[in-house]
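Right, one structure below, let's go through it.
Computed from the coordinates by the stated procedures, all read-outs in this text should not be read as laboratory data. Fair warning: this is a prediction, and the values are worked out from it, not measured in the lab. FYI the Cβ positions are ideal-geometry reconstructions off the backbone, even for glycines, and counts take in every protein chain you see.
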């Protein structure tokens, strides 16, 4: 069962964490996604077309961007360690989705459902589990939590009027899911590798449950000045490069060529009785896949096309695809992708 994951903007093989992130995605697709959609994970093969090397390149290493203040930049670099920026951004996103200031796992359970709280716990865990072995613990814990939630969709301890602290919520959850772990059931949490990152998880969920401090606010200001400009320019630059250099059917651009070649390899990997082709496009990856399926290679048959965090519909509304046509009615024909399905945020 071939699954193709096409990455989005701001991905470079030389970036710290690129390989481990790809490993995490593969682990998720095989161990969480595949079983949830009825696939045999042992038969799943994952393809990762890489196009980031053809993305935007800055002649002056982004020296034209405004500089951050030395004081804030120094604090940013030393506050929480080398991976602090990703964690800070995640905490900010969680507060935006569930807060806006204080996020209580118990309150999330009561207002959005127990599974929503579970998702938040393990999403936070994935943000602090940087190594691939730690991420396998996260996947195992998440799978056990979902199994527990199916057996007990509304546990009293998660829905009580006076909610547990976030740290107590996590500890209770880990105790309850122990019998549902697919392997090593009954062993202490640390024996599963949780000791490597569990303390970081407790600190992260504890911070979610309290108002941000001035130090945290200063850190985000530093991040905004130091890294957001850099990431935003590469984000936009990758989009501009793709749109201007994607080429035509008769002369494929480098990005289209690399992604299409991997799609063709995945298509050839179909097997009798296990012949579904699933394509997932993240961010600009969803746009690239849509462009390929509607213009560059419309005869490529895909059983499921899913976009994640992608703006596929927005690009169509702006008529930015090669197959886009000016003057289409407000409700365009639904057969642009034949029987294919596209779903995503935004």
| field | Paramagnetic reach from residue 320 in the stretch 236-272 [backbone N under 16 Å; point 7 Å along Cα→Cβ] | value | 236-247, 256
| note | Distance in nm between residue 304 and residue 244 label points, each 7 Å along Cα→Cβ, equals 3.8 nm
| note | Least to most buried among 41, 64, 109, 126, by other C-beta atoms within 10 Å and fewest first, runs 64, 41, 126, 109
| query | How far, in nm, would the chain grow between residue 15 and residue 206 when pulled straight, counting 0.36 nm per residue and subtracting the alpha carbon separation? | reply | 65.8 nm
| said: Please compute the modelled spin-label separation between residue 171 and residue 295, points set 7 Å along Cα→Cβ, answer in nm with one decimal. | reply: 5.7 nm
| Simple label model, 7 Å out from Cα along Cβ direction - residue 257 to residue 23, nm | 3.2 nm
| message | Could you list 288, 25 so that the one with the fewest beta carbons within 10 Å of its beta carbon is first and the one with the most is last? | response | 25, 288
| field | Cβ-based exposure ranking for 324, 200, 42, 310, in which fewest neighbours within 10 Å come first | value | 42, 324, 200, 310
| message | Given a Förster distance of 30 Å, report the FRET efficiency between residue 160 and residue 199 from their Cβ-Cβ distance, rounded to the nearest 0.05. | response | 0.70
